[in-house]
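Engineer: Take a look at the following structure, please.
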Amino acid sequence: MQKSCEDISKMLVDYADRQLSAGESSEVAAHLTRCEDCRSILMALQRSLELAGVIWEDGLVETEAIRIPIPRKTTAPHWSKYAAIAAGILLVVAISGIWRALVGPTEKEPTFAEIERRITESYSAARLLAAVDLLAEYPDAENIADRQYRYIVETYPQTPAAAEAKLRIK
Amino acid sequence: MNEINPDFSAEMDQVASERSSETNFVDIFLAELGPLRKIVAGMGLSASDAEDILQDVSIRALKQPGRGRTREQCFRWLIKVTVNRCLTEFRRRKRFRRKASEILKRRSETKADLTTSEQNVIAAEELEIVRECLREMDETLLTPMVLRYFCSLGSREVGEILAMGPSAVRGRLRKARMILAKRLIERGVEP
């Protein structure tokens, strides 16, 4: 059964693009020999693509004229950046030296270890003071308590507990 | 235990070979600038648009790590990015700059195939029809056409780029081509 013009016209693009099987292709070719309408469609398909190509090529000529600046990843070290950092450090050291020379030695600020030591001492002294206060409530332990208050004052002299202990010494 | 586990050693070799074969997107971009330019030109965008688009694509290529991708995959990715960028621009300004007469003038300067004035008039008329038709064509039909016929990609490759099957691509190509052909016939130009 022969295919109608409508069926053939649906195959014409694939025929022009050589996408049809050998059987289908020869069927279309046979139809084209006897059908002028389908022949003109095929010619229009080819011509329009040719003209589209001309238009596209023309646009390409324009785009070929442009230059695309390509940003590049730099792998080399940024010496200028390092130089700026070094200069900054040198500047700080120099200013600091000049300032010390002009103003003189200032009071030494406590270190973190020093602060930590003070906290530990205050805690120990306070804990001991609380224990001695409990002991002092017993009449038999008055002497022991007194000795312990003195111990707190001598061992942890800078703590608030030592100040308290000093008031309780008889 | 001083021995190195053979599996670990093999894994390290693989990693080393992957690193050495790491794909550089920018190098591929530079090597494949021609097809990318074709896409932009095929979509009918102007030279200044093309410059912006290709610059954007180059920046994206620079930022993109090529690790674990083949050259082919990188190229597809670049096409996809260019097509998407073109579509954004295309939707914004759907136009073709040059008129048919100007195109013909330029062509006649380079090619001596149009000899008589009568042929020139016919060609100008035909070009104008096709140019107008391309300008009005829906992007879903124009993009596969540009990729297939101007960039010479296969239907399967076009499908991969536009995220559709090869048969869908063929369907769109058929539709687009018939629109162009019928427009020529309707306007009475004898091919």
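Values in this text are rule-based calculations from the coordinates and carry no lab data. Computed from a prediction, not measured in an experiment: that's the story for all the values here. Note: ideal-geometry Cβ built from the backbone for every residue, glycine included; neighbour counts use all protein chains shown.
Engineer: Only four residue types carry charge here, +1 at the Cβ of Lys and Arg and -1 at the Cβ of Asp and Glu. Report the dipole size of the range B:20-96 about the Cα centre in Debye, rounded to the nearest 20.
Structural biologist: 380
Engineer: By count of other Cβ within 10 Å, fewest leading, how are A:Cys5, B:Cys151, B:Cys86 ordered? Let's see the in-between values first.
Structural biologist: Working: A:Cys5 12, B:Cys151 22, B:Cys86 26.
Ordered from fewest to most neighbouring Cβ atoms within 10 Å, A:Cys5, B:Cys151, B:Cys86 come out as A:Cys5, B:Cys151, B:Cys86.
Engineer: Mind checking B:145-155 for the average number of partner chain beta-carbons within 10 Å of each residue's beta-carbon? Walk me through the numbers on the way to the answer.
Structural biologist: Values: counts 3, 2, 0, 1, 5, 8, 1, 0, 0, 0, 2.
Counting other chains' Cβ atoms within 10 Å and averaging over B:145-155 gives 2.
Engineer: If you place +1 on the Cβ of every Lys and Arg, -1 on the Cβ of every Asp and Glu, and leave all else neutral, what size is the dipole of chain A about its Cα centre, to the nearest 20 Debye? Display every interim value, and only then the final one.
Structural biologist: Working: 20 positive and 25 negative charges, 208 e Å.
The calculated dipole for chain A is roughly 1000 debye.
Engineer: Among A:Ile119, A:Ile144, A:Ala130, whose Cα lies farthest out toward the positive end of the dipole of the range A:112-168, if unit charges sit on the beta carbon of Lys, Arg (+1) and Asp, Glu (-1)?
Structural biologist: Going by the charge dipole, the pick is A:Ile119.
Engineer: Using a simple spin-label model with points 7 Å from Cα along the Cα→Cβ vector, what separation in nm is obtained for B:Arg92 and A:Ala84?
Structural biologist: About 3.3 nm, to one decimal.
Engineer: Another question, if that's okay. How shielded is A:6-19 by partner chains, expressed as the average number of their Cβ atoms within 10 Å of its Cβ atoms?
Structural biologist: Counting Cβ atoms of other protein chains within 10 Å of each residue's Cβ and averaging gives 3.
Engineer: Could you tell me how many degrees, from 0 to 90 and to the nearest 10, lie between the Cα long axis of helix A:5-16 and the main elongation axis, the longest principal axis, of the Cα atoms of chain A?
Structural biologist: Result, in degrees: 60.
Engineer: Nearest 10 degrees is fine. How inclined is helix A:22-34 to the longest principal axis of chain A, computing both from alpha carbons?
Structural biologist: Between helix and principal axis, roughly 40 degrees.
Engineer: Using a 10 Å cut-off around each Cβ, can you sort B:Trp77, A:Trp79 from fewest to most neighbouring Cβ atoms?
Structural biologist: A:Trp79, B:Trp77
Engineer: Would you mind checking the tilt of helix A:142-155 against the longest principal axis of the Cα atoms of chain A, expressed as 0 to 90 degrees and rounded to 10?
Structural biologist: 50
Engineer: Would you list B:Glu157, A:Glu24, A:Glu6, A:Glu114 from fewest to most Cβ contacts within 10 Å?
Structural biologist: Fewest-to-most Cβ neighbours within 10 Å comes out as A:Glu6, A:Glu114, A:Glu24, B:Glu157.
Engineer: Now for a separate question. Please average, across the residues of B:38-50, the number of beta carbons from any other chain that are within 10 Å of each residue's own beta carbon, and give a whole number.
Structural biologist: Mean shielding count: 5.
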